[in-house]
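Data block below; observations after.
The values are calculated or read from the model by the stated rules, or taken from the named source; none is laboratory data. From a predicted model like this one, the values you see are computed outputs, not experimental measurements. When we count neighbours, we look across all protein chains shown, and the Cβ atoms used for this are built from the backbone with ideal geometry, even at glycine. The protein model used for the area step is the full one, side chains on, heavy atoms only, and it has no ligands, DNA or RNA in it. Shrake-Rupley method; radii C 1.70, N 1.55, O 1.52, S 1.80 Å.
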Amino acid sequence: MAYSTLLIEDGIARLTLNRPEVHNAFDDSLIAELNSHLDRLHQLAKSGDVRVVVLGSEGKSFSAGADLNWMKRMVDYDLEDNLADSRKLAALMYGLDSLPCPTVCRVQGAAFGGAVGLAACCDLVVASDKAKFCLSEVKVGLSPAVISPYVQRALGERQMRRYALTAEVIDAQTALALGLAHQVVDHEALDNAIDAMLDTLLAGSPQAQRATKALLARVAQAPDSDATREHTCQVIAELRVSPEGQEGLSSFFEKRRPVWTQPSNSQEHNNAAEPRS
């Protein structure tokens, strides 16, 4: 467990790639670590102990994609070995995409190959103006196969065909226009923008965010079916009568903050202990 870190504080989990010396390229070891972290985060998000996950990395690059030494080893893999490897990467993408809580991707630099998939699997992508994205696989005789469902969902089929076939580098502003990034800020303002996004997300009801994320995934699969329409009715009805839904409505009409936005007793104690000017 040396290539990534997971820090959890005040309901925010920061999952960070930590291989800056190789531009956070990933190999089988890093994929295994990330899958282990995601297994834990799924449980913590379901219980409400983690409210938001921030995916980021150390150094100047977000991730260069596949590690060169890993790729050299894969040259000698047979079909079954390659299938096993690909399934672990697929589990990583699905695990990140299906986290119950909101996810934010912090992209400070280059995101190439599979790293574009990591970004596409997050609910929100905040990028530095120095960020660059590239589906580079065809240049080395490969395909963005495992990440394609998530990246195509972000880009749309027409744009996916272009960038997956040309392997053109996508600058930050183009990524914003395409929908791959949600916000682009000056490089020096990236962490402030992440903090502002976290504040915005933490203002929402944790239960409602989990329910909404699950609802949107189902709606995307069959938006016009009778079963989906009935499910949407079920979701809103259950939320209205839930304790958190009742608290949200009550706080709105009483013009006060809902309980989930109020500091814990320990936070209040810490704030009271700080010196005042």
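Would you confirm, using the coordinates I've provided, whether E80 is more than 24 Å from L190 (Cβ to Cβ) and open to solvent by 60 Å² or more (accessible area, probe 1.4 Å)? Don't jump to the end; show me each part of the working.
Values: more than 24 Å from L190 (Cβ to Cβ): yes; open to solvent by 60 Å² or more (accessible area, probe 1.4 Å): yes.
Spelling it out, E80 is indeed more than 24 Å from L190 (Cβ to Cβ) and open to solvent by 60 Å² or more (accessible area, probe 1.4 Å).
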Among (1) at pLDDT 95 or above; (2) over 18 Å from T16 (Cβ atoms), the one test that V140 misses: (1)
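Mind telling me which of the residues G156, G179 ends up being under 30 Å from T261 (Cα atoms), assigned by the TED database to the domain that holds A127, open to solvent by less than 40 Å² (accessible area, probe 1.4 Å) and not hydroxyl-bearing (S, T, Y)?
That would be G179, the only listed residue that is under 30 Å from T261 (Cα atoms), assigned by the TED database to the domain that holds A127, open to solvent by less than 40 Å² (accessible area, probe 1.4 Å) and not hydroxyl-bearing (S, T, Y).
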In the range 110-141, anything under 11 Å from the mean Cα position of the chain (by Cα) and not in a helix (DSSP H, G or I) is listed as C122, D123, L124, V125, V126
Residue check for G56: under 22 Å from A111 (Cα atoms) and within 17 Å of the chain's Cα centre (by Cα): yes
Residue list for the range 37-72, filter: touching a Pro at 6+ places or on another chain (Cβ under 7 Å) and either crowded, with 21+ Cβ neighbours inside 10 Å or not assigned by the TED database to the domain that holds S143 (or both): A45, R51, V52
Tell me yes or no: at least one residue of the range 25-36 is open to solvent by 30 Å² or more (accessible area, probe 1.4 Å), among the acidic types (D, E) and within 25 Å of C134 (Cβ to Cβ). yes
Taking interchain pairs and intrachain pairs at least six residues apart, which have beta carbon atoms under 7 angstrom, with the first residue in the range 216-243 and outside the structural domain of L99 (by the TED database) and the second part of a loop (DSSP other than H, G, I, E, B)? T228/A222
